[in-house]
1. With a 1.4 Å probe and all protein chains left in place, how much accessible area per residue does the chain have, in Å²?
2. Given the peptides 173-186, 78-91, arrange them by the average over their residues of other C-beta atoms within 10 Å, most packed first.
3. Along the positive direction of the dipole of the chain (beta-carbon charges: Lys, Arg +1; Asp, Glu -1; about the Cα centre), which of HIS320, ILE29, ALA225 reaches farthest?
4. Arrange the peptides 309-322, 194-207 so that the one whose residues have, on average, the most other Cβ atoms within 10 Å appears first.
5. Name the shape class, rounded, prolate or oblate, that the alpha-carbon gyration tensor gives for the range 158-291, where a ≥ b ≥ c are the square roots of its eigenvalues, rounded holds for a/c under 1.5, and otherwise prolate holds if a/b is larger than b/c and oblate otherwise.
6. Rounded if a/c is under 1.5, else prolate if a/b beats b/c, else oblate: with a ≥ b ≥ c from the C-alpha gyration tensor eigenvalues square-rooted, which is the range 10-123?
7. If the reach is capped at under 21 angstrom between alpha carbons, list the lysines near LYS343, excluding any in the same chain fewer than eight residues apart.
8. In the range 8-110, with Lys and Arg counted as +1 and Asp and Glu as -1 at Cβ, which of these residues, ILE17, GLY99, LEU62, has the Cα nearest the positive end of the dipole, that is, farthest along it?
Amino acid sequence: MKAITFKGIQSLAYEDIPDPGLLDSTDVIIRVTAAGICGSDLHPYFGREQGLDCGTVMGHELLGEVVEIGSAVQRFSLGDIGVAPFTTNCSNCFFCRSGLTARCEAGQLFGWIENGVGLHGAQAEFVRVPMADSTLVVVPDGLDEGVALLAGDILSTAAFGAELAGVQAEDVVVVVGCGPVGLLSIRAALEKGARKVVALDSVVSRLELARRFGAIPVNFKTEEAFEIVMACSEGRGADCAIEAVGSPEATRTAAELLRFGGSLAALGVHTESHLALSPGEIYDRNLHYAGGRCSARYYMPAALKIAERDVALVSELISHRLPLSQGVEAYRSFAAREEGWSKVVLTP
Ligand SMILES: NC(=O)c1ccc[n+]([C@@H]2O[C@H](COP(=O)([O-])OP(=O)(O)OC[C@H]3O[C@@H](n4cnc5c(N)ncnc54)[C@H](O)[C@@H]3O)[C@@H](O)[C@H]2O)c1
Ligand SMILES: [Zn+2]
Ligand SMILES: [Zn+2]
């Protein structure tokens, strides 16, 4: 089959590799019809996250048709269309039962093989899905595949972010970063009743999307975010901040825009060794800080409902739907945050 594979820093290949086969009786094989490129794929791409084996198939956002079924699989039949969360789930362990499916004791991240151990990703014609009964979710009939795909990661991640930040009705919320995750976080905050959402980025086309998604867009390179947030919050600062970048600068920006007692939800994947805030700053301003991988499997049923309801708006953030053969070039444009590029959906 054809796949996008990791070769090293800023080096990917579109190449032929062997088809995956069933390894376990609980596996299914999916013929991928939609696979997303996520900001998280950029961390190994740029070498910020290390350890990914050369030859690993990239990508953890996947939707497609069940074409092979292990003997113990009960909930899926050939021809079913399923969407997966970005990690696999057993549904039985302590963490799955308590809703922290991101930390399933048997869970694996799609597209991460390290020292030969792990799971290939979804930017390929076929992908093996372990623990299929408790990992895969059936796609509602007729729902646009590119939009349904987003339930397995960024629609869920945005809902998680608004919850983690504790967004409540009438809150003023800051979203730092208007990539696909930040854009959907704007919606998730408004869904929770936020009075105003101020969204920061410097990519003009992404700021325009932020406006479409209901935020006050702020170009943090040319505008005074601090003044704008203060003006929106009676001079106090934002109640909550959702950081959707994954850099120390973004952490600092989010914290500086918060009021005393405000809460910061870090959705960005961070690879630096220390938090960009000191314990003293947190103490002196009574800040709350939380972060972590989204428990996508837990949020997916609700995320799919949002996908169905908001299909037109959500599809606006998909800037490109491209064949797998154009995946390597698509990574370059997405990684460079070229104007006009936001979510990329590959259609193998
Ligand atoms: N927690 C989770 O489970 C989870 C799930 C999905 C993605 N993520 C992470 O969320 C982050 C965003 O993902 P994405 O797909 O939207 O990525 P992206 O790279 O497309 O978006 C990041 C955006 O932030 C902007 N930005 C960069 N520095 C900034 C700054 N200092 N202030 C304001 N904006 C800034 C960029 O211009 C870009 O538009 C990534 O770190 C990704 O790994 C986490
Ligand atoms: Zn992701
Ligand atoms: Zn589990």
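The values are calculated or read from the model by the stated rules, or taken from the named source; none is laboratory data. Remember, predicted model here, so these are calculated numbers, not experimental data. Because the Cβ atoms are built from the backbone with ideal geometry, glycine has one as well, and the counts that use them run over all protein chains shown. These accessible areas exclude ligands, DNA and RNA; they are computed on the full protein's heavy atoms, side chains included. Shrake-Rupley method; radii C 1.70, N 1.55, O 1.52, S 1.80 Å.
1. 41
2. Going from most to least packed, we get 173-186, 78-91.
3. Farthest towards the positive end: ALA225.
4. Details: 309-322: 16.4, 194-207: 21.9.
Result, highest mean Cβ count within 10 Å first: 194-207, 309-322.
5. Details: a/c = 1.34, a/b = 1.21, b/c = 1.11.
Since a/c stays below 1.5, the shape of the range 158-291 is classed as rounded.
6. On the way: a/c = 1.81, a/b = 1.26, b/c = 1.44.
Cα axes put the range 10-123 in the oblate bin.
7. Leaving aside lysines fewer than 8 places away in the same chain, those within reach of LYS343 are LYS305.
8. Towards the positive end, the residue furthest out is GLY99.
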